[in-house]
Amino acid sequence: MNDIDKIFMIQWIGPFLNLDELKNWEKESSISKEFCLYLLSDKEYRKRDTSFYCGKTEMEIVSTRFKNHKKYELIKDRDFNIWVGRFSFNKNAISENIDMVETLIISHWQPNLNEKKKAYYPGLAICILNSWYKKDAKTRYINRVYPVQQLDDVIFYDINSNVVWGAERLKKRN
């Protein structure tokens, strides 16, 4: 096994229960422009299954990108949660890296509302570390209570064997 080419830590903040709540947070937050990824979970009224979506934005804040997305029409009247993600090291938030992270998350997680990138992997061996925070961007979630948090905490793509590895949950050790 060769070395890992790139390692990214993604800080996920949420959940925002509707687009207005996200917009208000973006207006009040000095860090909102740093967020270039988003995860969505939604559940149709009286349905058991939860739908998921992973997306990216490079030019707009997440609420603007999402509002203009064709998937918004599918879920705008449903019960949904939005999580916004940023690279912990801001210099990593370049187009190539954003696309690699989105591609690996979609390929590994297989969110049912995503139609593209489900069978593609990045051209490099990369590792993603996902961390989950409340809307204050400081307090970590200890327990997993939201469907989106089913996404593995560690996702590693081994380019040599074309295999994706995942670890569900990182735990604090005393």
Residue among 47, 33 that is part of a helix (DSSP H, G or I) and either under 17 Å from the mean Cα position of the chain (by Cα) or modelled with pLDDT under 90 (or both): 33
All positions within region 125-140 that are over 15 Å from the mean Cα position of the chain (by Cα) and among the polar types (S, T, N, Q): 139
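Checking the conditions here, which among 117, 172 is on the phi < 0 side of the Ramachandran plot, in a loop (DSSP other than H, G, I, E, B), of a type outside the set (Gly, Ala, Ser) and at pLDDT below 95?
Values: 117 fails: on the phi < 0 side of the Ramachandran plot.
Only one candidate qualifies: 172.
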Residue 106 vs. criteria under 21 Å from residue 172 (Cα atoms) and either surrounded by 12 or more Cβ atoms within 10 Å (Cβ to Cβ) or at pLDDT 95 or above (or both): no
Residue 138 vs. criteria part of a loop (DSSP other than H, G, I, E, B), within 19 Å of residue 162 (Cα to Cα) and at pLDDT below 95: no
Pick from region 1-30, criterion buried (at least 17 other Cβ atoms within 10 Å of the Cβ) and under 17 Å from residue 147 (Cα atoms), ranking: farthest from the chain's Cα centre (by Cα): 16
Subset of region 141-167 that is more than 13 Å from residue 105 (Cα to Cα) and either assigned to a helix (DSSP H, G or I) or of a type in the set (Asp, Glu) (or both) - its residue that is nearest to the chain's Cα centre (by Cα): 147
Residues located in region 114-132, provided they are touching a residue at least 24 places away in the same chain (Cβ under 8 Å), more than 16 Å from residue 150 (Cα to Cα) and not polar (S, T, N, Q): 121, 122, 123, 124, 125, 126, 127
Of all residues making up region 76-114, the number that are over 15 Å from the mean Cα position of the chain (by Cα), within 20 Å of residue 63 (Cα to Cα) and either aromatic (Phe, Trp, Tyr) or in a strand (DSSP E or B) (or both): 1
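The values are calculated or read from the model by the stated rules, or taken from the named source; none is laboratory data. All of these numbers come straight from a predicted model, not from anything done at the bench. All Cβ positions, even for glycine, are placed from backbone atoms using ideal geometry, and neighbour counts span all protein chains on display.
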